[in-house]
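Okay, so here's the structure we're looking at.
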Amino acid sequence: MKPSLPLLFVIGSLSAGCGSAADPAAPTYETKALAVSGDCAIMRDRTVRCWDKTGKAVAPVPDLHDVQRLANFGQPQCTLLASGSVACWGSTTGLDVTHGETSQRLGPLDVAAAKGALDLVPGGAEGTTCAVMAGGRLACFGAAWSKCTSGCTLTTPPGCESGVKQAIATGSETAVLRTDGSVHASCSAPADPLGPAVAFAAGSSHRCAIGADGTLTCHGLDVGQLGRPVLTKDAPRTVVLSEIGAVAEVVSAMHETCARTVSGDVWCFGVTSSTGARRDPARIEGLGKVAAISMNLWTTSVLDVDGGVTSWTPFDPKPTKVRF
């Protein structure tokens, strides 16, 4: 993908769906998704489409094609392309440019230094995004990406020069799953009592890991996010959430966690950010069979086996079908 700065997003009156006989000039868009990340999805034609709080999708992000992975946790939003390059777009104002709420737009920009990335992971505070490079090196970039013209300088946190399988930025730190199955709150932190793990998720002060048998175990400081009544807020605690069953995927944001089971159900627990209320592990009703799940600071979204997307927010917890 070639850099383009500035880039004007043409959203306005574009329909989110297919054209009609009354409007033959209306564009037609792909309506099935391959992957979800927050309130955006990679469509089957490898473009990216996002939606508003009512579930109405907007036009595809312009000049963005061949997308393999999407990291949508805040601003910026970044994609891993088939070429191995990382392209980002967003706003230095912090406003939601994807939904056309400001004319101050930047990107997509080509993060040339990340070419060859094996994976792209959502960032946390100040728009941090990280790429897992060959050999398990972690390479991260932050809000300064918006000042790049031909690529960004990537930095590697001490202790993450190699052996990283999965990483998730959590505020000022980056939690990691190493290739030996150990989970760490940061690159230099000792291992949590969670391994060996095959995948994990990290919130602001806790981590949840999936064991080889699908068991979900969570560890960290407890303010209600571990899915059990709070015993102490001063010392880390480890809990096993066996009632969920075998887990295939887990995601977290702040103090909330959701898990997709092997059977395709979704269970969520933790502290709801909109009310501060603690929620015990509970199955989310009305979703059908789920193939993938994603969570960012404001949206939880699921992909069903047919390519449809359903999402909800802490302020409107009723699942809403996205209208592509």
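The values are calculated or read from the model by the stated rules, or taken from the named source; none is laboratory data. Just so we're clear, the structure is a prediction, and the values are computed from it rather than from any experiment. Neighbour counts run over all protein chains shown; Cβ positions are idealised from the backbone, glycine included.
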(request) Residue by residue through segment 21-57, note down the ones that are at pLDDT below 90 and either farther than 18 Å from Cys78 by Cβ or part of a strand (DSSP E or B) (or both). (result) Ala21, Ala22, Asp23, Pro24, Ala25, Ala26, Pro27, Thr28, Asp52, Lys53, Thr54
(request) Give the residues of segment 171-199 that are within 18 Å of Leu216 (Cβ to Cβ) and touching a Ser or Thr at 6+ places or on another chain (Cβ under 6 Å), sorted by residue number. (result) Ala191, Pro193, Leu194, Gly195
(message) Going through Arg260, Arg237, Arg279 one at a time, which residue ends up being surrounded by 21 or more Cβ atoms within 10 Å (Cβ to Cβ) and either basic (Lys, Arg) or farther than 25 Å from Asn72 by Cα (or both)?
(response) Arg260
(request) Test Ser162 against the stated conditions and say whether it is at pLDDT 65 or above, outside any strand (DSSP E or B) and surrounded by fewer than 24 Cβ atoms within 10 Å (Cβ to Cβ). (result) yes
(request) Considering only segment 291-324, state which residues are assigned to a strand (DSSP E or B) and among the β-branched types (Val, Ile, Thr). (result) Ile293, Thr300, Val302, Val309, Thr310, Thr313, Thr320
(message) Name the residue that is farthest from the chain's Cα centre (by Cα), counting only residues in segment 58-86 that are of a type in the set (Val, Ile, Thr), modelled with pLDDT under 90 and under 16 Å from Leu118 (Cβ atoms).
(response) Val86
(request) Please tell me if Ser252 is crowded, with 22+ Cβ neighbours inside 10 Å, over 21 Å from Thr217 (Cα atoms), under 18 Å from the mean Cα position of the chain (by Cα) and not aliphatic (A, V, I, L, M). (result) no
(request) Report whether or not Ala199 is in contact (Cβ under 8 Å) with a residue 24 or more places away in the chain, of a type outside the set (S, T, N, Q), in a strand (DSSP E or B) and surrounded by fewer than 23 Cβ atoms within 10 Å (Cβ to Cβ). (result) yes
